[in-house]
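Worksheet for the structure shown next.
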Amino acid sequence: MKKKKILIVDDDVAILDVIKMILEEEGYEIRTSQNGSIFPIVNKLHPDLILLDMLLSGEDGRDVAKKLKSEKKTKYIPIVMISAHPSAEKGSLQAGADKFIAKPFEIEELISVVYKALGPAKHN
Amino acid sequence: MVESDIFLSTCKKIIALSPDVLYKLNPDGVLTFLSDSFEEITGWKKSEWIGRSFKDIIEKDDLPLALEIFTNALQGITSTSKHIRVKSNKKGLLVGDFNVFPDIKNKKIVGVMGIARDITKWKRKEELYRHYADLIESSDSAIYSRNLKGTVLTWNKAAEKLFGYKSYEMIGKNISSLLPQDRKDKVKRVNERLKHNDDVMDFEINMITKSGEIKPVTAKISPIKDSTGEITGAAVFSRDNTEKAAEERNERFLSDATQILSSSFNYNKTLKTLAKLLVPVMADWASIHIIDKKGKLIRLTVAHADSRMTRYVKNYEKKYGSTDNENSGVKRVLETSQSQLYPYISKELIEETIKDEKQKELIILLKIVSAIVVPLTAGKKILGALSVISSNPERLYNKKDLKMVEELGRRAGQAIEHAQLYFEAKKELDRRKEAEKALRQSKEELEVILKSIADGITVQDATGKLTYANDAAAASSGYNSNEDMLKDPLIWSKVFYIQNENGEEINPSDLPGRQAIKERKEKQMLVSFVNKYTTQRRWALIKARPILDTDGRVKAVVNIINDITERQELERRKDDFISIASHELKTPLTSIKGLLYLLRNTLKDSDNQLVILDKIDNQLSRLSLLVKDLLDLSKIREGKLTYRTETINISSLVSDVVSDLQQLTRHKIIFLNGINLNIVGDKDRLSQVFINLLTNAIKYSPNNKYVKVMIDKYKKDIRVRVQDQGIGIRRDEHDKIFERFYRVKDAKDRTFPGHGIGLYFSREVVARHNGKIWVESKKGQGSTFYVTFPIAK
């Protein structure tokens, strides 16, 4: 059975590592990126879910989300937007994100959101 | 013609021309001849009387005398009779002098003949003269006449009485002998004047009587002319002028005295001068007593005509002039306010009234003969007493003198009063001048302070008009000087937009100055001024404090304009930093949480390390809470705190908060609810407010067992009270606790755990719900927080 693939985008390496470790523990296959130039990866990897931090160095997560949602090949990929600004929820959803999580989040909340979006870590 | 014929005709001619009447009578008394002048004098015709008896023409009363002369003449006796009255054919009788002698012919008496002279005119003049002389003699006025050299010609009885000289002593003497030595030339001057004109002259002059007394008299001098109209002398009418002169002297004296009294406000000095003036003109001895500030009677001065006597006078007054002595005139005057007149103090009177032998002796030694004591008055106030004493039996005081001295007492009293008023006024004036000087000084100092102060300071009057601006105020408003600002105070409002704290544009009338005038209390406002052309923004905290007059009306308002642009900038950076920092904290927090989660998963339930992980988790939660608080704060500062609006039942909201908290505390939360009302607002934010208030109540009353929450309706509002019995809050902190980061300290200067954000947040939330929040508390006596909201319609 193939593991479900999640792409995590965050410019903070520490949080990138932590989320990666947690979700790997849950059984998902994880790829990470520290910047928003993720299209080559997306095209190659075809992730089942993208966890996208809204504030990237020099880039806006919402622009990335908009671009993903405007491409035929990628628009079906669910996006969970993460931000330290709780008020960013509205903007995130408008930009095309399917779900919003505010930092600092509880780990259980993250797992629950990912699970709701993807179901079990492995494809049936 | 024979010689005898010539003689006879000459005689006849003489007889015809003579003014006298020649007559002849026969022995029977029948008129046989009358000369021509008879007709002219009597008005009768000669023919009417020739052949008639002389008895018919003589006035009846004078007939016996006429018959006697006639009979004598028949017997050869010649006689002369004067003043026999004769009837005439004119008005009235004629008076004649008659020479009667016998008519002898051939040595025989054949009849009587004689000459009659008409003296009627003379007789009348003589009578008139006699009449005038009687008048003059019986006149009350002294009347005398004098020639051009001043020699006395007549001197009437009144003159004798007035001057003491008998007429025989004076007639022939020069009138100048009655004048005092230094006035003798006066007569010469009168003589000169008489020579040159005939005006009546009036004089008031002192003359010396026979007894040597100086007598003031009036003299009215009328020129006397002879029949040719030449002035030969003068009639002088003189009257005793003593009384009038005395009055005048008194008046003059009063006037002199008044001049002295008003010459200086140093009444000690002027009163001394006054006493000296009284002696010896009015008195032999004068003394002045005054009542000093303590109400004590003190003798100010004594003057005696004989300076050697002053010692005795002082001695006398010391012993007997004071208020202790029954007989003291000063005492009586002060007690009764009535002046005292002792017209004549005779030896008998002294014997009668004075018991003290020594006093008697002194009175006799000092020759106290007559005395006046009057009060020194100012209105009804008695300020002292003036005593005037005469030692001269010739100078006995009468009621007129009393009046004069009383007047003097009044004037002296007035002078004292005026002097005292003057000194009081001067004192007050000096005090005012001093105060003014101090005021001016402090005003100048204030001016310097205001000039050098960095804050802008302006003053508006009650109408809001600018009346003062210091340099800083002018500079920050774009003026070159404060004078420019006062000249045109509204220019700046054309250059700047004014905005309130929330960036909303406001009018100059919304500024706290006008508000302070309106509400009569201090107002404060944070405003920013944006230059319309440069868009540069300055922030200012404006405090307006009204100045009230004693009636509580606004006189003026002082605006203190504190330019806080730099501070505001600093605040903004701080807020930015807090905002950024708290955001930046979130990511590591999340990381740590994740790592803890991962670590926990590697441990078994029985592992002791799980306890440590729990504690790390707890601390992490606190950290998260702080970050959340800080973010809320940032949002409030940025105006980005969002609110939901829904209808909330306030009672159930508070009730929920109470139940939640009750599970977490050992304090008993007593909840009293008296209403069932709704408000519109954000449930979560309001819950947070009551959580804050209740956790504070619990936190700051560590030694108490319960806190109280009460909800009721108060006036038109819903009122929630959160009450504790804790450490309380000092009055000066009642407002500060609602500022951010402010934390109350306990008695030992320790702060309590917390961020100083809760109440700041609560105030913001309550304000956004159109409510109010405040505290009533005293240090050490617990606190009650009040929250009120308008009731939802």
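Values quoted throughout were computed directly from the atomic coordinates according to the rules given, and no laboratory measurement underlies them. What you see is a predicted model, and the numbers here were worked out from it, not measured in a lab. Methodologically, a virtual Cβ is constructed for each residue, glycine included, from the backbone with ideal geometry; neighbour enumeration extends over all protein chains shown.
Structure notes:
- Shape call, the range B:576-641: gyration tensor on alpha carbons, a/c limit 1.5: prolate
- In this simple spin-label approximation, B:Ser442 and A:Ser112 carry label points 7 Å from Cα along the Cα→Cβ vector, and these lie 7.1 nm apart.
- Normalised by 2.2 N^0.38 Å, where N is the number of residues, the C-alpha radius of gyration of the protein assembly as shown stands at 2.36.
- Cross-link pairs exceeding 19 Å between alpha carbons, from the set B:Lys318/B:Lys360; A:Lys5/A:Lys44; B:Lys13/B:Lys123; B:Lys360/B:Lys399: B:Lys13/B:Lys123; B:Lys360/B:Lys399.
- Among the listed pairs A:Lys20/A:Lys122; B:Lys635/B:Lys668; B:Lys640/B:Lys745; B:Lys543/B:Lys635; B:Lys593/B:Lys745, those whose Cα-Cα separation exceeds 24 Å are B:Lys635/B:Lys668; B:Lys640/B:Lys745; B:Lys543/B:Lys635; B:Lys593/B:Lys745.
- Label-to-label distance, B:Lys314 versus B:Glu357, with points set 7 angstrom from Cα along the beta-carbon direction: 2.7 nm.
- Across chain A, the mean sequence separation of Cα contacts (distance under 8 Å, 6 or more residues apart), normalised by length, yields a relative contact order of 27 percent.
- Rounded to the nearest 20 debye, dipole of the range A:8-75 from Cβ charges on Lys, Arg, Asp, Glu: 620 debye
- Over 30 Å (Cα to Cα) - which of B:Lys293/B:Lys314; B:Lys125/B:Lys186; B:Lys215/B:Lys276 fall in this group: B:Lys125/B:Lys186
- With contacts taken as Cα pairs under 8 Å at a separation of at least 6 residues, chain B carries a relative contact order of 4 percent.
- For chain A, adding -39500 (n - 2.57) for each run of n ≥ 4 DSSP H residues and dividing by the number of residues yields -11000 deg cm²/dmol at 222 nm.
- Selected from B:Pro546, B:Leu402, A:Met21, residue furthest toward positive end of dipole (the protein assembly as shown; charges at beta carbon): A:Met21
- Loop-located trypsin sites (Lys or Arg not before Pro) in the range B:216-250, at most 16 other Cβ atoms within 10 Å (DSSP): none
- Alpha-carbon centroids, the range B:180-246 and the range B:446-463: separation in whole Å: 86 Å
- Share antiparallel - DSSP beta bridges, the range A:24-124, percent rounded to 5: 20 percent
- For chain B, with +1 on Lys and Arg beta carbons and -1 on Asp and Glu, the positive-most of B:Ser783, B:Asn156, B:Gln460 along the dipole: B:Ser783
- Remark: the range B:218-312 carries a charge dipole of roughly 840 debye about the Cα centre, counting +1 on each Lys and Arg Cβ and -1 on each Asp and Glu Cβ.
- Overall form of the range A:53-124 per C-alpha gyration tensor (a/c, 1.5; a/b vs b/c): oblate
- Whole-Hz couplings from phi, Karplus 6.51/-1.76/1.60, listed for the range B:784-789; x for Gly and Pro: 10, 8, 10, 10, 10, 10
- Span-like helix ranges in chain A, DSSP H, alpha carbon extent 27 angstrom or more, Kyte mean at least 1.0: none
- Reach of B:Lys465 by Cα under 18 Å, taken over aspartates and glutamates that are not fewer than 8 positions away in the same chain: B:Glu483, B:Asp484, B:Asp488, B:Asp510, B:Glu519, B:Glu522, B:Asp549
- Per-residue HN-Hα couplings for the range B:617-628 [Karplus 6.51, -1.76, 1.60; θ = phi - 60°; Hz; x = Gly/Pro]: 4, 4, 5, 4, 5, 4, 4, 5, 4, 4, 4, 5
- For B:Lys426, the aspartates and glutamates whose Cα comes closer than 20 Å to its Cα, not counting residues fewer than 8 places off in the same chain, are B:Asp292, B:Glu417, B:Glu434, B:Glu436.
- Mean ellipticity per residue at 222 nm, deg cm²/dmol - from DSSP H runs of n ≥ 4 across chain B, formula -39500 (n - 2.57): -13500 deg cm²/dmol
- Percent of beta bridges antiparallel (DSSP, chain B, rounded to nearest 5): 95 percent
- Most fluctuating residue given options A:Leu45, A:Leu16, A:Leu56, as computed from a GNM of chain A linking Cα atoms under 10 Å: A:Leu45
- Candidates B:Tyr144, B:His83, B:Asn72 compared by Cα position along the dipole of the range B:29-155: farthest toward the positive end lies B:Asn72, with charges placed on Cβ.
- Spin-label zone in the range B:339-367 - amide nitrogen under 16 Å from a point set 7 Å from the Cα of B:Asp306 along the C-beta vector: B:361-367
- Annotation for the range B:463-505: trypsin sites (Lys or Arg not before Pro) lying in DSSP loop with at most 12 further Cβ atoms inside 10 Å of their Cβ are B:Lys465.
- Loop GluC sites (Glu not before Pro), the range B:124-220, which have at most 16 other Cβ atoms in a 10 Å radius of their Cβ (DSSP): B:Glu213
- 38 Å tail of the calculated P(r), chain B, as % of Cα pairs: 74 percent
- Taken about its Cα centre, chain A carries a charge dipole of about 800 debye when Lys and Arg each add +1 at the Cβ and Asp and Glu each add -1 at the Cβ.
- The range B:645-700 and the range B:550-619: distance between their alpha carbon centers, rounded to Å: 24 Å
- Normalised by the number of residues in the range A:76-115, the mean separation of alpha-carbon contacts (under 8 Å, six or more apart) gives a relative contact order of 42 percent.
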